[in-house]
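Please treat every number below as a calculation from the coordinates, not as lab data. Small disclaimer: the values here were computed from a predicted structure and weren't measured. Here the Cβ is made from the backbone with ideal geometry for all residues, glycine too, and neighbour counts use every protein chain on show.
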Amino acid sequence: MTAVTLGLVPVGAAGADVDQLPLGDADLVETRSGRTLTEGVTLTRIVRGNHPAPVDQINTTTRGPWVVKVLTIDPSRAEGHVAATYGPDLAPVERTTELVRFAGALAGVNASFFTFTSNPQFPGDPVGLGLFDGTLLSEPTGAADEVDLVVDAISGRVLMGPLTWSGSVRNRQTGATLPLEFLNHPPVVPTACTTLVDQTTCDQPGDVVLFHPEFGDSTPPGHGVEVILDRRGCVVRTSATRGTALAADQTSLQATGHDAVALLDLTERGCLTRSVTLTDQDGDEVALRPGLFGVNGRYRLTADGQIVVPDGSGSFFARNPRTIAGTTSDHKIVLATIDGRRTTSVGTTMDETAAVADALGMHDAVNLDGGGSTAMAVDGALVNQPSGSQEREVGDALVYIDDRFAAQQ
């Protein structure tokens, strides 16, 4: 591995050919230092402002300071690839540093929004797109604020924008079809039927959910039915309650409410074919093939070289630590973190975040999970300063692995 230090460069000094970040007052001191991590991959540290902020002015000061870390990957020169990883299982959470080490990656940042405290039993469950090596493990939500990022580990190309999905299971013998509500997400028991152990007696519609063995040690327990399928889609066993361990070549279908009856009817005889389709904002199907990885973000920052972040209010749009992913006009991939909620780095509003992405040359950029989740790791070690007392565990990460992509057998 190459590690070349580029040195400290005061922006605006003679010979400096980069523009200052559009943050705070124009007279702030800004310095940049960087190093080459390996061929085609650089890490840059930008510090704007040289005096700590008063604690009571973190959200309002125009004097900063701001600390930004920028990981730039040039697929035309780099020998490795960018991928997404959730660690050993989808449902639990791990620190970004752990995810980078688990993937054998050189560097990475936290990525998707995830259930976190809203679902403490399965906190790593992505809230939106989760695409890993061509397998869709979490569906896009269709929410207006979700913006998805898909990277091709083979070509280095990136797709960015809102994605939609559809899923169903079909009995190959009878032709009967049942739509899927979720992928690897605990089904909801209808409110009127929460006390019914036998969900087939419920007269309210519930959910039908497909689970992969990648979800975790076992599928979510609870009222409802579960049908375990082998690799051919044929029924291995049926259970009157939910929650089981899956073998590596098995999947399962869980159903709640009156949909439990529909699932039992569908699987009474014959094997199933499952269909999952991902579609981009132009209505074109995204082929789910090896080497394709995708994560979810909230709000597009730039599109086709223009700042497009929407107006907004509330804590999400206020100053926070931020994680950004984007691409330049010449197809470099840029992953950046902005430390926040500290006197040593105050964080950015959504408007400021978009301005930073634009200034860093991100022709297209998306806001990933931020706040206490914001983290960047290099060689498995943290290189930014999270806002909490320690690094937060997260659902997944975008990582650079310094080897050519090889499809899993």
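Summary of computed values
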read-out	value
Amide H partners (placed H, <5 Å) of ARG95, local residues excluded	VAL394
Fraction of the pair-distance distribution of the chain above 31 Å, Cα-Cα pairs, percent	41 percent
Free-standing Cys, the chain [no other Cys Cβ under 4.7 Å]	none
Ellipticity estimate at 222 nm from DSSP helix runs (n ≥ 4, -39,500 (n - 2.57)) divided over the chain, nearest 500	-1500 deg cm²/dmol
Rg/Rh ratio calculated on Cα atoms of the stretch 167-276 (Kirkwood radius)	0.93
Under Karplus coefficients 6.51, -1.76 and 1.60, residue-wise ³J(HN,Hα) of the stretch 137-151 in Hz, glycine/proline x	9, 8, 8, x, 7, x, 5, 4, 8, 6, 10, 9, 10, 10, 10
Ranked list, fewest to most other Cβ atoms within 10 Å of each Cβ, for PHE405, PHE316, PHE122	PHE316, PHE405, PHE122
ALA245 versus ALA26: modelled label distance in nm, points set 7 Å from Cα along the beta carbon direction	6.7 nm
Binned Cα-Cα distance frequencies in the stretch 235-311 - 10 Å width, integer %	11, 28, 26, 20, 12, 2
Ranked packing of 111-117, 155-161, 248-254, 363-369, most packed first, by mean Cβ within 10 Å	363-369, 111-117, 248-254, 155-161
Amide H within-cut-off set for ARG341, under 5 Å, with H built and near neighbours excluded	GLY347
Dimensions (Å) - the stretch 347-409, Cα atoms, principal axes, largest first	44, 34, 19
From the C-alpha gyration tensor of the stretch 23-163, square roots of 5λ in Å	31, 23, 15
Translational diffusion of the stretch 293-350, µm² s⁻¹ [Kirkwood Rh, Cα pairs; Stokes-Einstein; 37 °C; 0.692 mPa s]	255 µm²/s
Highest to lowest packing among 130-136, 179-185, 142-148, scored as the average C-beta count within 10 Å	130-136, 179-185, 142-148
Taking all pairs of distinct alpha-carbon atoms in the stretch 325-376, Kirkwood radius in angstrom	11.5 Å
